[in-house]
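The values are calculated or read from the model by the stated rules, or taken from the named source; none is laboratory data. A quick note: this is a predicted structure, and the numbers were derived from the prediction, not measured. For neighbour counting, all protein chains shown are included, and Cβ atoms are generated from backbone atoms with ideal geometry for every residue, glycine included. In case anyone asks, the SASA skips ligands and DNA or RNA and just uses the protein heavy atoms, side chains included. Shrake-Rupley method; radii C 1.70, N 1.55, O 1.52, S 1.80 Å.
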Amino acid sequence: MADTFLDSTELVLNMGPQHPSTHGVLRVILKLDGERVLGTECVIGYLHRGVEKIAENRTWQMFAPYVDRMDYVAAVSNGLGYCLAVEKLLGVEAPPRAQAVRVILTELNRIASHLLWLGTHALDIGAITPLFYCMREREYVLNIYEKYCGARLTTHAFRIGGLQYETYEGFEKECLEFCDLFEKKIDEYEELLTGNRIWQQRLTGVGILTAEDCKEYGVTGPMLRAAGVKWDIRKAQPYSGYEKYDFEIPVRENGDTYDRYIVRMQEMRQSVRIVRQAVADIPAGPILAKVGKVIKPPVGEAYVSIEAPKGELGYYVVSDGSTQPYRVRIRPPSFVNLQALDKMCRGALVADVVAIIGTTDIVLGEVDR
Amino acid sequence: MNFYLLTLIKMALTALVLLTCCAYAVWVERKVLAHIQLRPGPYRVGPHGLLQPLADLIKLLTKEGIVPSYANPFFYLLAPFLAVALALTAIVVIPFTPEFELFGVRTAIGLTDLNIGILFLLALSSLGVYGIAIGGWASNNKYSLMGSLRSSAQMVSYELPLAMAIVSPLLLVNTLNLREIVELQNGFHFGLLPKWNVFASPVPQALGFVIFLIAAFAETNRVPFDLPEAESELVAGFHTEYSSMMFASFFMAEYANIITICCVATVLFLGGWHPLWPAEYGSDLVPVVLLAAAGLMLLFHAAQAARRRKWDRFTFPVFGVLLLGLAPVFLIPVLKPVLIPFFWFVAKAGFLVFVFIWIRGTLPRYRYDQLMRFAWTFLFPLSLANLLVTGLVVALAG
């Protein structure tokens, strides 16, 4: 077609880092043919702080608050992963009471993270109201955190070997109150969105990622489950006593944006289920295992991965026997999941790109570290 | 002489009222949206943010109007002017009240009595695309260009169902004059159900009304058809580069368009100034009761010691007394034939504006291709079928 007199080239559009819906400082360079996306390129690193390098000149305990700053909407999960990794290196296990409280807080954190995702995702699709409803419910979770450890967002809730703080008076009651309230609220969100025809049309068939694609890119979490793979580390390699609780892994088969939405909505319901079971049976006993004031793990290495709200969050820690980590390598789910963006966006429309970025549920603090 | 003087006065009044309405439509939108979303909305400037539009205006007036170096200055400056001028012009053909006698002159609220009013409106709404298209193109910005491309396609596509939806009630009334259209919708079925075009006797135009409303949402670029300015995709769409009063012009044009199209819907389908139910059953008392109730409610709340805001203790009684004082005005026999119809017109148009805002708080946004498919494969055939059925029934019955 080169000899036609109306010659046209592709339009290169720079989306971000300052753009309303790139969830932080993601920069996506789009190559467009009209409204159709021919290809994308992600530019990341605007929020790079060198977290892994910082770990090498902090003591084992001192590094724990830093991991909260990676995925700041799911700080508790980040902390749990790190604590589990160091505990594995030390060869200790948190006492049963600490494990139960950890599960409660982590599941509440999953709900808080998914709520923020739901609100911003709906906002990207053009529904502005659900964001405020989600924020209202998220506030309950954050209040529980605030009462428990004083912080709302970057909580630093756990310590290596267990917990720093005993639960406050009325903790169980407040968790149960939240569960009761929240189950009704999920129905409310679903009423606003799930059955909405515009919502369905915007999401169905958009950004399809098959199970094979997921495996190739290493995509995990709700995105993998939406593609039909029943893989949840809480079931596959239980940690922190998850084997004691009865819950299901929501799975869908198409792997499009709509299925990811449904999977996350159902995950919130399952989290409520887990919180109920855990609250009903918090064992008595100590909250901190004997790890000593100075932590000096034996020479060696350990890898622990947990099911964070966004996918598999892995910590690979290496000790040279000193008080400081020799190396901490983090496998952040957002970073790995973001790799599949180009695959999902090709052939989609500009409006879909926004929906796809939203459904990947990335947090740039975690992508860039 | 009298005619010119009267027209000048009416022009000044209409412009003043319309611009104020535009400004307060923004306030109402922000308030309604805020309450849907569990927020208080504007609250700081004046009592309950009532002076917010003024503050916004001053801010926008004093801002520097930036023309990007890569923009085409002539068209860049022309676009907002075109948009706002066309949007404000459309209101001239809307008849707000029936004719009445004032100082010996027969007149009405409403600027002109054009006998091709509908065609004039359609022409203006078609021209309205140019403001957006030129603005997006002249900005020389990729986001603006995409916004204006989407907008042009969307507005041209939705003009067809809009026009078709307008034509069907025209078949019933057989005139293009907006005043006559309203006058022909007078009366009640069974003495109760108003003979508006939505409930017209051979073929009720309820379907036409819904089509008109949907197309109106698209024509005014509102959710769920707000793609031209879809902020989560295109930053701000066609007006990404605009600042200061140039931006305010686009903004004003949008709200003026909403108000106009709500007025048009009222005239064409909702019987203009005719009341919801006959005057024998007390429809004339509705404005009195409403205003008195609002005034009493304000006074009641002013008496509550728990009112936290200092302002409220002062403004609530003032507004309360004002509304209570306004209520009996609707009972004065001389003013009654003007004010009661005017009230009903404003009430209906105002309700439609509220629906626009309500929808914005509820629905997500369509995608570009879905929007076009919806227009061409669903809305257009539907409006055509509506027109066909109406035409057939009118021909057979008439």
Q: Taking B:Tyr158 as the residue in question, decide whether it is buried (at least 19 other Cβ atoms within 10 Å of the Cβ), of a type in the set (Phe, Trp, Tyr) and at pLDDT 85 or above.
A: yes
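For the stretch B:296-398, give me every one of the helices (runs of 4 or more DSSP H) that falls completely inside it and has 1 or more residues that are farther than 30 Å from B:Ala218 by Cβ.
Where helices (runs of 4 or more DSSP H) fall fully within the stretch B:296-398 and carry at least 1 residues being farther than 30 Å from B:Ala218 by Cβ, they are B:310-326, B:336-360, B:380-397.
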Q: Select from the stretch A:28-46 the residues that are away from chain B (no Cβ under 14 Å) and open to solvent by 60 Å² or more (accessible area, probe 1.4 Å) and list them in ascending order.
A: A:Leu38, A:Glu41, A:Ile44, A:Tyr46
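Would you be able to say whether some residue in the stretch A:337-356 is small (Gly, Ala, Ser) and out of contact with any helix residue (DSSP H, G or I) (no Cβ under 6 Å at 6 or more places or on another chain)? Give the steps one after another, and end with the answer.
Here is the first cut: in the stretch A:337-356, the ones small (Gly, Ala, Ser) are A:340, A:347-348, A:351, A:355.
This time we only want the ones that are out of contact with any helix residue (DSSP H, G or I) (no Cβ under 6 Å at 6 or more places or on another chain), so: A:347-348.
Yes, because at least one residue in the stretch A:337-356 is small (Gly, Ala, Ser) and out of contact with any helix residue (DSSP H, G or I) (no Cβ under 6 Å at 6 or more places or on another chain).
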Q: Might you let me know whether the stretch B:103-123 holds any residue that is on the phi > 0 side of the Ramachandran plot, open to solvent by less than 50 Å² (accessible area, probe 1.4 Å) and at pLDDT below 85?
A: yes
Q | Residues of the stretch A:58-69 satisfying the condition of being buried (at least 24 other Cβ atoms within 10 Å of the Cβ) and touching a strand residue (DSSP E or B) at 6+ places or on another chain (Cβ under 7 Å) | A | A:Trp60
Q: Tally the residues that are part of a loop (DSSP other than H, G, I, E, B) and within 14 Å of chain B (Cβ to nearest Cβ), restricting the search to the stretch A:183-222.
A: 8
Q.
Criterion first (assigned to a helix (DSSP H, G or I), touching a residue at least 40 places away in the same chain (Cβ under 8 Å) and under 21 Å from the mean Cα position of the chain (by Cα)) does B:Ala25 satisfy it?
A. yes
Q: Could you tell me whether any residue of the stretch B:300-310 is away from chain A (no Cβ under 14 Å) and open to solvent by less than 50 Å² (accessible area, probe 1.4 Å)?
A: yes
Q: Quick one: which residue in B:Pro328, B:Pro275, B:Pro287, B:Pro337 is surrounded by fewer than 17 Cβ atoms within 10 Å (Cβ to Cβ) and at pLDDT 80 or above?
A: B:Pro328
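Please find, among B:Phe351, B:Phe345, B:Phe356, the residue that is under 15 Å from B:Ala108 (Cα atoms) and within 15 Å of the chain's Cα centre (by Cα).
B:Phe345
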Q. Out of all the residues in the stretch A:229-247, which are assigned to a loop (DSSP other than H, G, I, E, B), within 11 Å of A:Ile306 (Cβ to Cβ) and of a type in the set (D, E, K, R)?
A. A:Asp232
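Matching residues to (1) at positive phi; (2) aromatic (Phe, Trp, Tyr):
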position: B:Val28; (1), (2): no, no
position: B:Ala34; (1), (2): no, no
position: B:Gly46; (1), (2): yes, no
position: B:Lys63; (1), (2): no, no
position: B:Phe74; (1), (2): no, yes
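For (1) open to solvent by 70 Å² or more (accessible area, probe 1.4 Å); (2) away from chain A (no Cβ under 14 Å); (3) within 22 Å of the chain's Cα centre (by Cα), each residue gets a yes or a no:
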residue	(1), (2), (3)
B:Gly361	no, no, yes
B:Arg365	no, no, yes
B:Ala385	no, yes, no
B:Leu392	yes, yes, no
B:Ala397	yes, yes, no
Q. In the stretch B:145-183, what residues are in contact (Cβ under 8 Å) with a residue 24 or more places away in the chain, over 30 Å from B:Tyr76 (Cβ atoms) and charged (D, E, K, R)?
A. B:Arg179, B:Glu183
**Q.** Single residue of A:Arg252, A:Arg225 found to be away from every other protein chain (no Cβ under 14 Å), basic (Lys, Arg) and crowded, with 21+ Cβ neighbours inside 10 Å
**A.** A:Arg225
Q. Of all residues in the stretch A:47-57, which are in contact with a helix residue (DSSP H, G or I) (Cβ under 9 Å, 6 or more places away or on another chain) and either open to solvent by 70 Å² or more (accessible area, probe 1.4 Å) or among the basic types (Lys, Arg) (or both)?
A. A:His48, A:Arg49
Q. Exactly one of (1) under 30 Å from B:Tyr366 (Cα atoms); (2) open to solvent by 60 Å² or more (accessible area, probe 1.4 Å); (3) among the basic types (Lys, Arg) is unmet by A:Arg202. Its number?
A. (2)
Q: Could you pull out the residue among B:Asn177, B:Asn186 that is under 23 Å from the mean Cα position of the chain (by Cα) and open to solvent by 40 Å² or more (accessible area, probe 1.4 Å)?
A: B:Asn186
Q | Selected residue (only one of A:Val354, A:Val318 is closer than 14 Å to A:Lys88 by Cβ and open to solvent by less than 30 Å² (accessible area, probe 1.4 Å)) | A | A:Val318
Q | Residue check, A:Arg276 open to solvent by 30 Å² or more (accessible area, probe 1.4 Å), in contact (Cβ under 8 Å) with a residue 24 or more places away in the chain and in contact with a Cys (Cβ under 9 Å, 6 or more places away or on another chain) | A | yes
Q. Restricting attention to the stretch A:94-131, and to residues there that are of a type in the set (A, V, I, L, M) and without any contact (Cβ under 8 Å) to a residue 24 or more places away in the chain, which single residue is farthest from A:Asp187 (Cα to Cα)?
A. A:Ile128
Q | Verdict on B:Val318 being out of contact with any Cys (no Cβ under 6 Å at 6 or more places or on another chain), within 30 Å of B:Pro278 (Cα to Cα), more than 14 Å from chain A (Cβ to nearest Cβ) and of a type in the set (A, V, I, L, M, F, W, C) | A | no
Q.
Looking at the stretch B:72-94, can you tell me whether even one residue there is of a type outside the set (Ser, Thr, Tyr), part of a helix (DSSP H, G or I), within 30 Å of A:Lys31 (Cβ to Cβ) and within 14 Å of chain A (Cβ to nearest Cβ)?
A. no
(Q) Let me spell it out: the conditions are (1) surrounded by fewer than 14 Cβ atoms within 10 Å (Cβ to Cβ); (2) in contact (Cβ under 8 Å) with a residue 60 or more places away in the chain, and A:Glu169 meets all of them except one. Which number is the exception? (A) (2)
Q: From the list A:Leu118, A:Leu131, pick out the single residue that is within 14 Å of another protein chain (Cβ to nearest Cβ), part of a helix (DSSP H, G or I) and either surrounded by fewer than 21 Cβ atoms within 10 Å (Cβ to Cβ) or of a type in the set (Asp, Glu) (or both).
A: A:Leu131
Q) Which one is farthest from B:Ile357 (Cα to Cα) among residues in the stretch B:28-51 that are more than 14 Å from chain A (Cβ to nearest Cβ), part of a helix (DSSP H, G or I) and open to solvent by less than 30 Å² (accessible area, probe 1.4 Å)? A) B:Pro47
Q: Could you please let me know if A:Leu153 is part of a helix (DSSP H, G or I) and either open to solvent by 10 Å² or more (accessible area, probe 1.4 Å) or under 23 Å from A:Thr194 (Cα atoms) (or both)?
A: no
Q. Of the residues in the stretch A:281-304, how many are open to solvent by 90 Å² or more (accessible area, probe 1.4 Å), more than 18 Å from A:Tyr82 (Cβ to Cβ) and among the aliphatic types (A, V, I, L, M)?
A. 2
